[in-house]
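The values are calculated or read from the model by the stated rules, or taken from the named source; none is laboratory data. Predicted model, so just to flag it, every value in this text is computed and none were measured. Every residue, glycine among them, receives a Cβ derived from its backbone with ideal geometry; neighbour counts consider all protein chains shown. Surface areas here come from the heavy atoms of the whole protein model, side chains and all, with no ligands, DNA or RNA. Shrake-Rupley method; radii C 1.70, N 1.55, O 1.52, S 1.80 Å.
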Amino acid sequence: MDAAEFRKRGKEMVDYVADYLEKIEKRQVFPDVEPGYLRPLIADCAPQNPESFEDVFKDIEKIIMPGVTHWHSPYFFAYFPAASSFPALLADMLCGGIGCVGFSWAASPACTELETVMLDWLGKMVNLPEEFLAGKDGQGGGVIQGSASEATLIALLAARTKTITRVQTEKPELTEAEIMGRLVAYASDQAHSSVERAALIGAVKIKNVPSDDTFSVCGSALKKVLDEDKAAGLIPFFFCATLGTTPCCSFDKLLELGPICNKENIWMHIDAAYAGSAFICPEFRHLLNGVEFADSFNFNPHKWLLVNFDCSAMWVKKRSDLIGAFKLEPLYLQHHHQESGLVTDYRHWQIPLGRRFRSLKLWFVLRMYGVKGLQEHIRKHVRLSHQFEHLVLQDERFEICAEVVLGLVCFRLKGSNELNEALLKSINDAKKIHLVPCHLREKFVLRFAICSRTVESTHIKFAWQHISQLATDLLKTWEQNHHQQ
C-alpha cells in the first residue's frame, strides 16, 4: 500500500468507523457466538501472496463484527465505561502515524514534554495538591500508564524498594530477604483484584482490611490490622485506598486512613480508576479530600473522560521514589540532556521500556471538549444513574443495595441469590442490554453502569422496562414451580 492508496483507504476506514459508532445501537450489544467461532472462518496460516485491501475490508463484517461485544452501545451497562470520542480517535491516528517509542526525552522530546504538561493540566482539573504536579521545578509529577493495575503495581514496587532501604538503614543486621519476608501490603476487602495481583507479582504478603456497612474502609479497621501485624513482627509498608470500588462504587475514608499511613511510614496509593474523572466537577471533588496524605494517586481518563484506551493517569509526590526503584542506565539509552533537571525519562516510571505518544489523546480531548464539556458529560451520566435508581425504587419487588453516588446502580430482586442469578441470565440471554453482577457480602447483586457516550434517558427507560418485564415473567415461573413442589 503506497501513500496514495493509504489516503483513499484511510478515508474509507474513517467513514466505516463513523458509521459504526453512529449506528451502533442497531447492533445487538452482545454477540451470538460460541467459543472457537472464529478459527473455521479464516485460513489455517498466513497467505503466501499479498491480498487486496478489499478482501481484508469485507472480512471485518463477516468475521470480526459477529464476535464483538459493543462496549460503546447505549445498551451496554456492564463493567465501567470505556471512553471514546472522535477527537481521541483522531489523536490515536496521529500517534500511530508519528510512531515514536518515547522511552526517553531524546527518543522524542515532544512525546515526553506534552505528557508532563498534560498531567499537570489534568492534575489542576481535579485540584490535586501542588506537590503532585511537575510544574517547572516540582518534585512530583504525572505519567500515563497503560492501566490502573499497572499504576498500583508500580506504586507497590516503589514502596517496597523505599521500605527495604529504610529498614536496612535502621536495622543493618537484617538481610533484604528477611525484610521481604516480613513486608505486608493492605487493601479493602472491596478492592479490585489487581491490587492482590500486584502483591503476587511483588512477592509480598497482602491482607484485606474489612470494610464497614457502606463498603468503605475506615481508620479504626486499618489501625486494628496494623497493630496486630506489627506485634507479630511484620512490616506494614503499603496501603491501597480505593475511591469508587468496582462492585458498588464505595469510597474508603481517606481523611482517617491518610494520617495513619503517614504516621506508620506506609505508602498510601489511591486507586480511583473509575471515579477519579468525576473529581473535575466541584460537587464531587470532596470525595478526593485526604489525597494530600497520599504518596501516589491514579485514575483512568480512558474510563470516563472520553479518552480512548489506554490512558491511565498516575501522579507521585516524589518522582525520585519511582526512579529510585526502576532506574537502569545502559549506554545506548543515555543522552546528554538527562542530567539537566528539566528532562523526564519516563522509562524509569513504568514497567515496559517502550511507550506510545498517548498524551496526544489527552491534548486533543481536553482542548476540543474543554473542562465544561467534560463536566457536562460526567453530570449527564450521574443524572441518568439517578433516573434508573428512581425507577427501581418505584417497584417494590426490587431493592437498591448501595448508595448511588456516581454512575453505578447496584440493585436486585428481593429474594434469593438463585432468583437474581436467574434474572441476570434472562437479561443477558435476551441480548437487548448487557449487565454484569457482583457480590456484596452474601448477596448476588446486579450492577447497572452508565457507560456509553451516546446513552440517553430513552435508553434508560427501555432498559428498565425490559428488566421489569423479564422479572415479571421470571417470578411467574418461579411461583408456579414453587406451587408444584
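General remarks:
- Identity of the residue in the range 96-115, modelled with pLDDT under 90 and surrounded by 18 or more Cβ atoms within 10 Å (Cβ to Cβ), that ends up farthest from GLY276 (Cα to Cα): ALA107
- Unique residue being out of contact with any Leu (no Cβ under 6 Å at 6 or more places or on another chain), modelled with pLDDT of 95 or more and over 20 Å from TYR79 (Cα atoms) when the list is THR477, THR458: THR458
- For the range 246-280, the candidate set comprises residues that are free of Cβ contacts under 8 Å to residues at least 60 places away in the same chain and out of contact with any strand residue (DSSP E or B) (no Cβ under 8 Å at 6 or more places or on another chain); within that set, the residue that is surrounded by the fewest Cβ atoms within 10 Å (Cβ to Cβ) is LYS263.
- Scanning the range 69-122 for residues that are in contact (Cβ under 8 Å) with a residue 40 or more places away in the chain and assigned to a loop (DSSP other than H, G, I, E, B) yields a total of 24.
- Checking each residue in the range 296-316 for being open to solvent by 10 Å² or more (accessible area, probe 1.4 Å) and in contact with a helix residue (DSSP H, G or I) (Cβ under 7 Å, 6 or more places away or on another chain) picks out LYS303, ASN308, PHE309, ASP310.
- Among the candidates GLU34, GLU54, the residue that is assigned to a helix (DSSP H, G or I), over 26 Å from the mean Cα position of the chain (by Cα) and free of Cβ contacts under 8 Å to residues at least 40 places away in the same chain is uniquely GLU54.
- Taking the range 164-245 as the region of interest, the helices (runs of 4 or more DSSP H) fully inside it that hold 2 or more residues being free of Cβ contacts under 8 Å to residues at least 40 places away in the same chain and under 24 Å from the mean Cα position of the chain (by Cα) are 193-201.
Here is a yes/no grid of residues against (1) closer than 22 Å to LEU255 by Cα; (2) open to solvent by 10 Å² or more (accessible area, probe 1.4 Å):
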| site | (1), (2) |
| --- | --- |
| ALA187 | yes, no |
| ARG197 | no, yes |
| ALA203 | no, yes |
| VAL209 | yes, no |
| ASP213 | yes, yes |
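- Residue selected from the range 347-377 under the condition part of a helix (DSSP H, G or I) and of a type in the set (Val, Ile, Thr), by the criterion least open to solvent (accessible area, probe 1.4 Å): VAL365
- Restricting attention to the range 447-466, the residues being of a type in the set (A, V, I, L, M) and touching a helix residue (DSSP H, G or I) at 6+ places or on another chain (Cβ under 6 Å) number 2.
- Here the range 167-185 is the region considered, the condition is being under 15 Å from PRO236 (Cα atoms) and among the aliphatic types (A, V, I, L, M), and the residue that is most open to solvent (accessible area, probe 1.4 Å) is MET180.
- Residue in the range 36-43 that is closer than 28 Å to LEU360 by Cα and not assigned by the TED database to the domain that holds THR454 present: no
- Candidate set from the range 281-294 (those that are open to solvent by less than 30 Å² (accessible area, probe 1.4 Å) and either in a loop (DSSP other than H, G, I, E, B) or among the hydroxyl-bearing types (Ser, Thr, Tyr) (or both)); member that is nearest to GLY407 (Cα to Cα): CYS281
- Pairs are defined by a Cβ separation below 8 Å, a sequence spacing of at least 6 or placement on different chains, a first member in the range 125-145 that is without any contact (Cβ under 8 Å) to a residue 60 or more places away in the chain, and a second member that is surrounded by fewer than 17 Cβ atoms within 10 Å (Cβ to Cβ) and assigned to a loop (DSSP other than H, G, I, E, B); the pairs so defined are GLU130/GLY138.
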